[in-house]
1. Take segment 321-371 and flag every residue that is modelled with pLDDT under 90, in contact with a strand residue (DSSP E or B) (Cβ under 7 Å, 6 or more places away or on another chain) and aliphatic (A, V, I, L, M).
2. Count, please, the residues in segment 60-75 that happen to be open to solvent by 70 Å² or more (accessible area, probe 1.4 Å) and either assigned to a strand (DSSP E or B) or in contact (Cβ under 8 Å) with a residue 12 or more places away in the chain (or both).
3. Among the strands (runs of 3 or more DSSP E) contained in segment 92-169, which hold 2 or more residues that are under 17 Å from Glu64 (Cβ atoms), of a type outside the set (Gly, Ala, Ser) and modelled with pLDDT of 90 or more?
4. With (1) modelled with pLDDT under 75; (2) not in a strand (DSSP E or B) as the list, and Leu234 as the residue in question, which single condition is left unmet?
5. Inside segment 385-407, can you point out the residues that are open to solvent by 40 Å² or more (accessible area, probe 1.4 Å) and at pLDDT 75 or above?
6. Quickly run through segment 296-305 and pick out the residues that are under 25 Å from the mean Cα position of the chain (by Cα) and surrounded by fewer than 18 Cβ atoms within 10 Å (Cβ to Cβ).
Amino acid sequence: MSESSRESQKQAVAPAVIKSNSSISKIWLIPLITLIVSAWFVLQEINSRGVNIEIEFETASGLEAGKTQIRIRDVVIGHVDKIELNDDSTGVLVTAVLDKEAEKYLRSDSRFWVVSPRVSLAGVSGLQTLLSGSYIDMAPGISEQTTRYFVALNAPPVTPIGTPGIRLFLSSEKSFTAQVGDQVIYRGLAVGRIETVNYDLEKRVARYSAFIEAPFDRLITSNTRFWNSSGIELELGADGVGVTTPNLESLIAGGITFDDPEGMPATHPFNRDKVFQIYPSYKSAMSHRYTEKVYFLLLIESSVRGLKVGAPVEYRGLQIGQVENINVRLAEHKLEVDEASYKIPVLISVQPGRANLSDDKSGRDFINQQFELWLKNGLKASLKTGSLLTGAVFVDLRHDPKDNNSSVQHIAGYPVIPSMPDEIVQFTDQLSTTLDKINDLPLQGVAQDLRYLLQDLSKSANAFNQASASISSKLTEFDMVQMNETLGNLNLLLDRFATEDSGVSSINQTMIEIQSTMRELTPLLQKINTSPNSLIFKSQVTPDIEPRGASR
């Protein structure tokens, strides 16, 4: 083989060059694209399903899975997905799906409730659901904490979250004076609502929370007083009859009214945890505006019927206090066997603010000093009738000029104001005493005699009536014409005698002779009267004994 061919053969058989291939095959693009498309569909599915939340209701009334909507201000943001009982069967657990955009509204203080037709004293609501069906309404919260579990309300919230204003706490010791949704009124204008009503079983006090909307929340001060304005207030007290009527809505649905009493000291900010007392009436609320009180004790001997707690205590017609308690139990006022009647202890208070004094310690000290001086100079208390219509009484303080050197008695730490009976009581006692004396008179015997007298008078009257009837019958028998003729003839005869002197003189002479004859016959008549037999027999009558003087 030639050398040139060998060279060409060496060139033809050159060593191979080996290179590594690290690039991905294009075949893998197909599964990669498939994975991306699948992930996109999954994300779209997740976004389309929205946010799952759980809401607990007491009942599933009006709810339907897959149909009941969830709204905010009538804008649909989700729907009910599933309804089931909770673990202990005390309620219903609703699983709902909300739109992704509604996730920002899921705060811990967000509220849910079922909107359905509702009729109450406050009005009618939810009528639109008669055709569309019930739905779940949502009120977004403002808390920074988020949650996916909520407890639904039984009724729509009274005040939407975020409403400017102030929330107050109230209490009532007597009874439930308000319901959820009742108005809070200021001088006839509704400025808030009662939000919650609870009852403290331990303290037996009804507690409320109320929301006052802005700008009326600035009216609430430390001196604010609340009172019940539900219905018509008819007051029968010592001052007479009083009638108070609220606005029409409060008259139907009820409400609470508040205001600042006149003459109160300067206001100051109050503690947000303060609990305001709800008084039963405006008069009661205004009477509690005075904080300082000086207590005194009365021992009433007469009846306390008509006297009530809160009755006025007056001094010369001005109210300076009120009755705090009747028949108060005192440790030092024990029941003892006594001939006198039991004296009823009545606790009263004198308020410096009512007496135009400062409502503080200085005013209380002045009242103590003044009443100590008055008690030593005969200050007395009595019950007086304030209204004859209602029979209510009040306590009247007055001075007794007959008792100006008395000592001050204390019972259970209270100064005792001596009591004296009222003028009406004194008059009643005197009248009772007089009637008792009249009852002690022997009226039965007098009545018996009077009955006999009346019977005799009745018999006499009957006899007189019979005599009158007889005389009347006799008079009817007379011939009045003949009697008139006889009387006429007699008158003529008398006239003739009166005109003829000879006739009159002869009559006079005849009368004189008759008188002379009668004088002559007098002895004979006397003798016949004493001894009538002397006319037949000889008289044996001894001569009359003539009286003589005594022999000397």
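The values are calculated or read from the model by the stated rules, or taken from the named source; none is laboratory data. Small disclaimer: the values here were computed from a predicted structure and weren't measured. Backbone-built Cβ (ideal geometry, glycine too); neighbour counts: all protein chains shown. What goes into the accessible areas is simple: the full protein's heavy atoms, side chains included, and nothing from ligands, DNA or RNA. Shrake-Rupley method; radii C 1.70, N 1.55, O 1.52, S 1.80 Å.
1. The answer is Val328, Leu330, Ile344, Ala355.
2. Within segment 60-75, the first condition is being open to solvent by 70 Å² or more (accessible area, probe 1.4 Å), and the residues that meet it are 61, 64, 67, 73-75.
Then drop every residue that is not either assigned to a strand (DSSP E or B) or in contact (Cβ under 8 Å) with a residue 12 or more places away in the chain (or both), which leaves 61, 64, 67, 75.
Residues meeting the conditions: 4.
3. Values: elements: 92-98, 111-115, 118-120, 123-125, 135-139, 149-151.
Qualifying strands (runs of 3 or more DSSP E): 92-98, 111-115, 135-139.
4. (2)
5. Going residue by residue through segment 385-407, those that are open to solvent by 40 Å² or more (accessible area, probe 1.4 Å) are 385, 388-390, 398-399, 401-405, 407.
Correct list: Thr385, Arg398, His399, Pro401, Lys402, Asp403, Ser407.
6. Ser303, Val304, Arg305
Conditions (1) in a helix (DSSP H, G or I); (2) at pLDDT 60 or above; (3) open to solvent by less than 90 Å² (accessible area, probe 1.4 Å), marked per residue:
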position	(1), (2), (3)
Lys10	yes, no, no
Ser20	no, no, no
Trp28	yes, yes, no
Pro31	yes, yes, yes
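Yes or no, residue by residue, for (1) hydrophobic (A, V, I, L, M, F, W, C); (2) farther than 16 Å from Phe276 by Cα; (3) touching a residue at least 60 places away in the same chain (Cβ under 8 Å):
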residue: Gly188; (1), (2), (3): no, yes, no
residue: Glu195; (1), (2), (3): no, no, no
residue: Tyr208; (1), (2), (3): no, no, yes
residue: Phe216; (1), (2), (3): yes, yes, no
residue: Arg225; (1), (2), (3): no, no, yes
